[in-house]
Amino acid sequence: MDFLTALKQIILRLGYGGVFAATMLEYGCFPVSSEILLPFIGYMASQGGQSLFLTILFATGGGVLGSLGCYLVGRAGGRMLERLAERFRTIALGIEKAQAVFRKYGAASVFLARVFPIARTYISFPAGMAKMPLLSFCVYSALGAFLWNTALISGGYFLGSHWDEYRAFLENHQAVFAAIPTGILIFLMIRKKKKRADRSIHPL
């Protein structure tokens, strides 16, 4: 039984509680792509007659709780975080990438990173390591997760019978989808550096 089949059973059995649990795992760095998971949740919600708004709301709540778990691990730091990084190479790489984003954009990166592959889930670790205020972390996480969840869950909700086609297309072109937000981030970073250089050459 693959993850999506298991998720289907959970949502059918638990409804909104299943949505909450699935997104909590994904935002808590469980190895599953949100680009597949969230549209699938939307699709299942439409098939089960669930409210789109409530589905997004419960998904956002699960996302915040999952992110909070990673934040607390990062805040505690020490041997627990080292063991995770040593045991799981993907976590080590994810934390490195997320740290680079957090150093550059600070607290705002907790909001911005929610739409970028890898960094979107791992950004919670450097936020905790930097001891970002808990309330700010939760607010930024909720806003970012709400926007991302709304876009992907709504897409899945209205896909209907085309879900299988979407899944096959995404699995074959996932690298392209991952490259788009990464390209946007690189563009914004270059633009920001150019503005700084212009200000240094032409100070007010």
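The values are calculated or read from the model by the stated rules, or taken from the named source; none is laboratory data. Not measured: the values here are computed from a predicted model. Cβ placement follows ideal geometry from the backbone for every residue including glycine, while neighbour counts extend to all protein chains displayed.
Miscellaneous remarks
- Beta carbons closer than 8 Å, at least 6 apart along the sequence or on distinct chains, pair a first residue in segment 12-26 that is on the phi < 0 side of the Ramachandran plot and assigned to a helix (DSSP H, G or I) with a second that is of a type in the set (S, T, Y) and surrounded by 18 or more Cβ atoms within 10 Å (Cβ to Cβ) for Y16/T55; V19/T55; T23/T60; E26/S34; E26/T121.
- Applying the criterion of at least 1 residues that are in contact with a helix residue (DSSP H, G or I) (Cβ under 6 Å, 6 or more places away or on another chain), surrounded by 15 or more Cβ atoms within 10 Å (Cβ to Cβ) and at pLDDT below 65 to the helices (runs of 4 or more DSSP H) found wholly in segment 116-187 leaves 163-172.
- Filtering L93, L84, L37, L68 for residues that are within 15 Å of the chain's Cα centre (by Cα), at pLDDT below 90 and either small (G, A, S) or part of a helix (DSSP H, G or I) (or both) leaves a single hit, L37.
- The set of residues in segment 35-57 that are crowded, with 24+ Cβ neighbours inside 10 Å and either free of Cβ contacts under 8 Å to residues at least 24 places away in the same chain or closer than 18 Å to A113 by Cβ (or both) contains only L38.
- Verdict on F53 being in the same structural domain as A92 (by TED's automatic domain parsing), of a type in the set (F, W, Y) and modelled with pLDDT of 90 or more: yes
- Candidates T5, T60 - the one that is part of a helix (DSSP H, G or I) and either crowded, with 18+ Cβ neighbours inside 10 Å or aromatic (F, W, Y) (or both): T60
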